[in-house]
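Below is one structure, written out as structure tokens; the observations come after it.
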Amino acid sequence: MSTPSDARSGPRRWIGLVASLVVLLVVWSVVAAADIVEPHYLTPSPVEVWNAFVRANSHHPVGGGIDRVVRGEEHYFLWEHLLVSLRRIGLGLGLGVAVGVPLGLLMGTVRWVGDLAGPYVDFLRSLPPLAYIGFLVAWFGIYDTSKVWLLFLAAFPPITLATINGVRGVRIDQVNAARSLGASGLQVTTNVILPATLPDILSGLRVAVGFAWTTVVAAELVNGLPGIGGLAYLSGTQNKIALSVACILVIGLTAIALDAVIRTIEKLVVPWRGKA
């Protein structure tokens, strides 16, 4: 049951967030305009970043005395770069869920499987993506297959480990009650263990989304265009700092939006979480 203080906390939270954002933009603009740091090393002003964002989403002249009009950046609008990266991340996350959830259920319910596969999952979790991107490119080529595999390897361990933790948190009396009613092992898994584990799986998915977004730039280092990570990297190497910052902001804001979507799904699918 909500209280008056809870009702007031929402507007106060948003007011505080907007105020902090305004202060950040003002400080950013002042520092950029004061030339305190060498301009080549200084983050561009918010106006420059906004102009780069608009330019990346519109048709514009090449510049430098050339009248030819081009489309966005690297022949794609910024939102098209974003959609391509989202598709790659979606495929990697989908594979991570398709493999990680069944494996986590198996590792959590069958002891010898957990003992056998556990070290390998921990090994993959501890490796930074850049450690094996070269192998993936050599094995699968420079196109999307290697990128999706890299994103899968970033998303798979947290989903698997979250599923294992969820299985270990299932109350044994619930399992015994289902067995006493004649449920088979498969029915116990699908009707008791999996629903009880679902909140942990969704938490693991949130972590996996974060890992996937931090990996997308690494995944798109090689032949990453179109792609928001590839565009951020290329614009940085070409000293288009404003565009690079715009890409970084888009990546961050998209990650926040995806996390909000997952939290909303969590509230709808497992409304009992935190209330038991």
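The values are calculated or read from the model by the stated rules, or taken from the named source; none is laboratory data. Predicted, not measured: the structure shown is a model, and the values here were computed from it. Methodologically, a virtual Cβ is constructed for each residue, glycine included, from the backbone with ideal geometry; neighbour enumeration extends over all protein chains shown. Keep in mind that these areas ignore ligands, DNA and RNA; they rest on the heavy atoms of the full protein, side chains included. Shrake-Rupley method; radii C 1.70, N 1.55, O 1.52, S 1.80 Å.
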List the residue pairs whose Cβ atoms are under 6 Å apart, where the first residue sits in segment 207-218 and is β-branched (Val, Ile, Thr), the second is modelled with pLDDT under 85, and the two are 6 or more positions apart or on different chains.
215/129
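Have a look at 215, 190 and point out the one that is of a type in the set (Val, Ile, Thr), farther than 27 Å from residue 108 by Cα and modelled with pLDDT under 90.
Result of the check over 215, 190: 215.
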Those residues of segment 60-75 which are modelled with pLDDT of 85 or more and open to solvent by 90 Å² or more (accessible area, probe 1.4 Å) amount to 75
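Please go through segment 105-133 and give me each residue that is of a type outside the set (A, V, I, L, M), assigned to a helix (DSSP H, G or I) and open to solvent by less than 50 Å² (accessible area, probe 1.4 Å), ordered by number. Steps first, please.
Filtering segment 105-133 down to residues of a type outside the set (A, V, I, L, M) leaves 108-109, 111-112, 114-115, 118-120, 122-123, 125-126, 128-129, 132.
From what's left, assigned to a helix (DSSP H, G or I): 108-109, 111-112, 114-115, 118-120, 122-123, 125-126, 129.
Across segment 105-133, the qualifying residues are 108, 114, 118, 129.
So, of the residues in segment 134-151 that are without any contact (Cβ under 8 Å) to a residue 60 or more places away in the chain and open to solvent by 30 Å² or more (accessible area, probe 1.4 Å), which turns out to be nearest to the chain's Cα centre (by Cα)? Walk me through it before giving the result.
Of segment 134-151, the ones without any contact (Cβ under 8 Å) to a residue 60 or more places away in the chain are 134-136, 138-141, 144-145, 149.
If we keep only those that are open to solvent by 30 Å² or more (accessible area, probe 1.4 Å) too, we end up with 134-135, 138-140, 144-145, 149.
Working: 134: 22, 135: 23, 138: 25, 139: 25, 140: 23, 144: 17, 145: 18, 149: 15 Å.
Top of the filtered list is 149.
Residue-by-condition table, conditions (1) under 13 Å from residue 74 (Cα atoms); (2) among the charged types (D, E, K, R); (3) at pLDDT below 90:
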position	(1), (2), (3)
228	yes, no, no
231	yes, no, no
237	no, no, yes
246	no, no, no
249	no, no, yes
256	no, no, yes
262	no, no, yes
Out of all the residues in segment 211-248, which are open to solvent by less than 10 Å² (accessible area, probe 1.4 Å), over 18 Å from residue 137 (Cα atoms) and not in a helix (DSSP H, G or I)?
none
Quick one: is residue 204 crowded, with 23+ Cβ neighbours inside 10 Å and either touching a strand residue (DSSP E or B) at 6+ places or on another chain (Cβ under 8 Å) or farther than 24 Å from residue 25 by Cα (or both)?
yes
For the subset of segment 174-186 comprising residues that are in a helix (DSSP H, G or I) and over 19 Å from residue 199 (Cα atoms), which member is least open to solvent (accessible area, probe 1.4 Å)?
178
